[in-house]
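Enquirer: Provided herewith is a single structure, encoded as structure tokens, for subsequent inquiry.
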Amino acid sequence: MDNSFILECSNLTKIYRIFPGKKIYALKDFSINVPGGVVFSIIGPNGSGKTTLFKILMGFITRFSGQFILRGSVNGRNISVREKIGFLPENPSIYPDLNAYESLKFYGSFFKESRISSKENIERLMELVGLTEHRNKKVKEYSKGMIQRLSIAQAIINNPELLILDELTSGLDPFVTEEINAIIIKLKKEGKTIILSSHLLGHIQDISDTIGILFMGRLLKVGTLKDITQVSDRGIIIFDTKGKPLHECREVISSCGIEIFNVDYLTNDLEEAFKDIVKKEKEK
Ligand SMILES: Nc1ncnc2c1ncn2[C@@H]1O[C@H](COP(=O)(O)OP(=O)(O)OP(=O)(O)O)[C@@H](O)[C@H]1O
Ligand SMILES: [Mg+2]
């Protein structure tokens, strides 16, 4: 095992048999290494296998093939490894008659460390996700976005080293999405690793170090935003005409069948331009 990776997946495969003779690959030969301290995002259409992957990593799906090593534990068998993982499920379970404070107190009570369910920690989390003013409202009276914020607070309650966030932005308006982005960036700066899915690609683009595209259970492409978005058979060349008139260069390039979008002169900074003009004047 390479210790620099917080997660290593090799050939993870999950098949669902929906009726005799028909099987669905919810995940097929999924292999990836995720280093610590990055934001790794999985994007994919509905039904592409994102939730299946997260459920395997969290130990909710136990029948699968392939292997993963999560924080040093093979297939997550070492339960204590999960003490430092935070999970945001796709459809968070809520207790409708509890308010935000009581809910977080309850989630915090699952952990051994008493600090996690302390008043101080819970107040801090409610402030972080913007729920302080709704603290006395019962969760059944919450909007979808408010439930999502509560669920995000639940996911980070134990100050996890690794966060797995399924549909992070589900139900969030653009303002809250921006606040959540700031939280993710802050957590990353603290050295945490974040693995997430979201259908808001603009948001993914802003926060991810690495992006994986999943389709019908298969990882089609993985890389940085630049790796994913660059168009390999189209490019921009900037060249120096070395004093040759632009119209002449334009004719040469056009004759090769290359389309010219824009022709512009190089600009110097003011100091260089000034010196150049004065120098030419002196040489007259
Ligand atoms: N319990 C199940 N039984 C049978 N098929 C299932 C089951 N759970 C998931 N699937 C199938 O596995 C595939 C992957 O589903 P999954 O929920 O992982 O997708 P997803 O990428 O999370 O989609 P979404 O963006 O809609 O949340 C889908 O074809 C889905 O129908
Ligand atoms: Mg899903």
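Read-outs: derived from the displayed coordinates by stated rules, not from any lab. The model shown is predicted, which means the values in this text are computed figures rather than measured ones. Cβ sites come from the backbone with ideal geometry, for glycine too, and all protein chains shown count toward neighbours.
Enquirer: Could you give me the ³J(HN,Hα) list for region 82-98, computed from phi with Karplus coefficients 6.51, -1.76, 1.60 and θ = phi - 60°, whole Hz, x at Gly and Pro?
Expert: 6, 4, 10, 10, x, 10, 10, x, 4, 10, x, 8, 10, 9, x, 8, 9
Enquirer: Quick check: residue separation of Ile94 and Lys189 times 0.36 nm, minus the Cα distance between them. What number comes out in nm? Present the calculation step by step, with values, prior to reporting the outcome.
Expert: Working: separation 95, 0.36 × 95 = 34.20 nm, distance 2.97 nm.
So the extension gain works out to 31.2 nm.
Enquirer: Under a point-charge model restricted to the Cβ atoms of Lys and Arg (+1) and Asp and Glu (-1), what is the dipole moment magnitude of the chain relative to its Cα centre, in debye to the nearest 20?
Expert: On the way: 39 positive and 35 negative charges, 272 e Å.
The dipole of the chain has a size of about 1300 debye.
Enquirer: Scan region 100-191 for trypsin sites (Lys or Arg not before Pro) in coil per DSSP, keeping those whose Cβ has at most 16 other Cβ atoms within 10 Å, and list them by number. List each step's numbers first, then the result.
Expert: Values: sites: Lys105, Lys112, Arg115, Lys119, Arg124, Arg135, Lys137, Lys138, Lys140, Lys144, Arg149, Lys186, Lys188, Lys189; in loops: Lys112, Arg135, Lys137.
Here the trypsin sites (Lys or Arg not before Pro) that fit, given the DSSP loop and packing criteria, are Lys112, Arg135, Lys137.
Enquirer: Report, in listed order, any pair from Lys188/Lys226; Lys119/Lys186; Lys23/Lys55; Lys84/Lys221; Lys55/Lys137 with a Cα-Cα distance greater than 25 Å.
Expert: Lys84/Lys221; Lys55/Lys137
Enquirer: What residue among Leu12, Phe87, Phe239 has its Cα farthest toward the positive end of the dipole of the chain, where the charges are +1 on Lys, Arg and -1 on Asp, Glu, each on the Cβ?
Expert: Result: Leu12, furthest along the dipole toward the positive end.
Enquirer: I'd like to know how the chain sits against the 2.2 N^0.38 Å rule of thumb: what's its Cα Rg over that expected value? Could you put the intermediate results ahead of the total?
Expert: Details: Rg = 25.9 Å, N = 284, 2.2 N^0.38 = 18.8 Å.
Normalised Cα radius of gyration, the chain: 1.38.
Enquirer: Just to confirm the filter: which trypsin sites (Lys or Arg not before Pro) across region 35-85 are DSSP coil and have at most 14 other Cβ within 10 angstrom of their Cβ? Provide the component values of the computation, followed by the final result.
Expert: Details: sites: Lys50, Lys55, Arg63, Arg71, Arg77, Arg82, Lys84; in loops: Arg63, Arg71, Arg77.
Answer by residue number: Arg63, Arg77.
Enquirer: Under 5 Å between amide H atoms, partner at least 5 residues away or on a different chain: which partners does Thr241 have, H built in plane at 1.01 Å?
Expert: Here the answer is none, since no amide H 5 or more places off falls under 5 Å of that of Thr241.
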